[in-house]
1. Quick one: Ala239 ticks every box in (1) outside any loop (DSSP other than H, G, I, E, B); (2) hydrophobic (A, V, I, L, M, F, W, C); (3) surrounded by fewer than 18 Cβ atoms within 10 Å (Cβ to Cβ) bar one, so which box is it?
2. Considering each of Asp372, Asp355 in turn, give the residue that is closer than 24 Å to Ser52 by Cα and touching a residue at least 40 places away in the same chain (Cβ under 8 Å).
3. Which condition number does Asp183 fail, the rest of (1) assigned to a helix (DSSP H, G or I); (2) under 24 Å from Thr284 (Cβ atoms); (3) of a type in the set (Asp, Glu) being met?
4. Out of all the residues in the stretch 211-236, which are surrounded by 22 or more Cβ atoms within 10 Å (Cβ to Cβ) and either among the charged types (D, E, K, R) or not in a helix (DSSP H, G or I) (or both)?
5. Could you please give the count of residues in the stretch 173-217 that are farther than 20 Å from Asp131 by Cα and under 29 Å from the mean Cα position of the chain (by Cα)?
6. Applying the selection to the stretch 502-556, what residues are within 29 Å of Ala455 (Cα to Cα), of a type in the set (Asp, Glu) and under 27 Å from the mean Cα position of the chain (by Cα)?
7. For Gly374, indicate whether it is part of a helix (DSSP H, G or I) and assigned by TED's automatic domain parsing to the domain that holds Ala290.
8. Do you know which residues across the stretch 322-333 are out of contact with any Lys or Arg (no Cβ under 8 Å at 6 or more places or on another chain) and not β-branched (Val, Ile, Thr)?
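The values are calculated or read from the model by the stated rules, or taken from the named source; none is laboratory data. Since this is a predicted model, take the numbers as computed values, not measurements. Here Cβ is always computed from backbone atoms with ideal geometry, including for glycine, and neighbour counts include all displayed protein chains.
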Amino acid sequence: MNDRTVTQPGPVQLTDASRVAFRPATHGLITGGLWAERRQVNRDVSVPTAWSQLHSAGNFHNLELAAGQTSGDYVNDLPFLDSDLYKWLEAIGWTLADPDLGGEGTDQLRHFLDVSSGLLAAVQESDGYLDSNFQVRTPGRRFHDLQWGHELYCAGHLIQAAVALHRTTGDARLLDISRRLADLVTATFGSGPEQVDGICGHPEIETALVELYRETGERRYLDTAQYFVDRRGAGLLGADRFGRHYWQDHLPVREAPSVEGHSVRQLYLLAGVADVYVENGDETLLDAAARLWQEMVSTKTYITGGVGAHHTDEAFGDPYELPNERSYCETCAAIASVMFSWRMLMITGEAKYADLIERTLYNGFLGGLSLDGGNYIYANPLQVREGHVARGNDADYARVPWFRCACCPPNVMRTLASLEHYVALSSETEVRLHQFIPGAYGVAVAGGEATLRVATDYPWDGSVAVTTEAVPGGTWTLAVRVPGWADRASVTVNGTPYEATPTQGWLPVERDWQAGDTLVLELPLDPRFTRADPRVDAARGCVALERGPLVYCLEATDNPGHRLDDLILDPTRPLQVEAAADGLDGIPTLVAQAVVREHDGSAWWPYAGQSGTDGSAAVHASAPTTTVRAVPYYAWGNRDSGAMRVWVPAG
């Protein structure tokens, strides 16, 4: 057994030997604001209703078939339905730790857990194997379809669910099941003469095995995770229909110059790479993770934090290939991005990782769940045109209660249910508050523990008050992040201005903190126009509207009488913050001034002798003007269906 610091019951529980600059909060409780409301919806609506959705979709039926408890045909041709149930069970684990649950809510979730645990125990074979798809469809044949079979992917999600439940409730039933399966995996895969030299087409098992090592101290789990990381890129999966890039098997991760292929696969892999580095200290893995993160953010990330430009293979595109109507930006990819960035933030302490977490959480991730908590969206476009006709994956541009491929809904659930762990970090000498979410957070510092009470109405208000409710003795630093979008920030301590210059995205205050001291960070929330990088062809000459961490978009329902495609924003006129549009429950909106293009219906504009980004400003200098309203991107698609766009031409 390794020495472990068992203090933070979160998704990542580091060992004493973990190579990180900062560690997660020892405990956390979100008490108010936007995220408390979203978590309540998740707790009261999303997680409980998934029970019936997973029954209707056949997930439970398939496991019951494998257990010999029912008859009939296997439902759905997708091989990874077990993983949807596992992610939901992980969400139950984090939700059961919520002190606001209680009563019938707790009883209901424990009933779901009891039924599921008993069923999985009945399905598992004597040597540990557990996968309903292969047990029912090809009994006795295992690990023969590593490209598409997802056996190891499903095993990874089972492990993560088991660890969550063990950490939050002490329930070891799933942990015992997952360990038997993990033992089979470690015995089956490797470089030994009797082992399978192979990797899963969908990375996920890597980060799960590292966490199982952290939970149990069994070194073989970490060693197998490292084996899977080291062998990817050796061409073991073949090319198949999308090529080796699709599953990151074209080059070893240490040699890859750029993120490639299926976005979720790539980012789950990189989260695992970061985890393996943390526990084995291989600097070449850290170098690769940092290089690939930077390339992704610089050339392949949308303004919403979303990633994935291609529908066909759900993949990254070329550098600056960021289409709007055809942006895929799968919700699961946003979650994977947060997982990867969070690990890199712990390793390095660099604020840029926290900036991307914030951008992704408030936009690319939060848009994946409807405001009522009962509907989801798989792909997150940055534009839907008037008269849009759903074709193939374009059908994902509408919010629905569930999907045939339902990876995103339970992924949203588990992320929201564990969000309190993504707020604060600490080292022996410093505490860093990197996300501004109201609540109480315990952090280890200065040989003891400090409790921080965060009070704020962020992202609607830029004032963030941090009160030290309990502190260890001695001098230590409390640092608050100054987001990259904030062109100025100020701090007071106990009402007195504190003169400090942000350093690499952090504003540090070093002092002998006492219980009751209050640091107040003031961030400007002036709405702003953001111009697109001219290398992004789909948005050249356009602007987006932002306020604080939020990206805004135009929806047809708020702007009747004009096609959104006919609008040219005037960035010389200041944006105004106004009360919410109808049906958005008090969410502030932005109001801008725009010119309405008038033309003869041709899709082509004259060019010669004209000025402006596309000639439109010059041609239509006398065109009528109008007021347009924008809503936060995360709230789009919750009212009437219709056109939407983030990037709008600017005059």
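1. With (1) outside any loop (DSSP other than H, G, I, E, B); (2) hydrophobic (A, V, I, L, M, F, W, C); (3) surrounded by fewer than 18 Cβ atoms within 10 Å (Cβ to Cβ) applied to Ala239, the lone miss is (1).
2. Testing whether each residue is closer than 24 Å to Ser52 by Cα and touching a residue at least 40 places away in the same chain (Cβ under 8 Å) leaves just Asp372.
3. Of everything listed in (1) assigned to a helix (DSSP H, G or I); (2) under 24 Å from Thr284 (Cβ atoms); (3) of a type in the set (Asp, Glu), Asp183 misses just condition (2).
4. Answer for the stretch 211-236, where residues must be surrounded by 22 or more Cβ atoms within 10 Å (Cβ to Cβ) and either among the charged types (D, E, K, R) or not in a helix (DSSP H, G or I) (or both): Glu211, Arg214, Arg232.
5. Residues flagged as farther than 20 Å from Asp131 by Cα and under 29 Å from the mean Cα position of the chain (by Cα) within the stretch 173-217 amount to 7.
6. Result: Glu522, Asp526, Glu546.
7. no
8. Across the stretch 322-333, the qualifying residues are Pro323, Arg326, Ser327, Tyr328, Cys329, Glu330, Cys332, Ala333.
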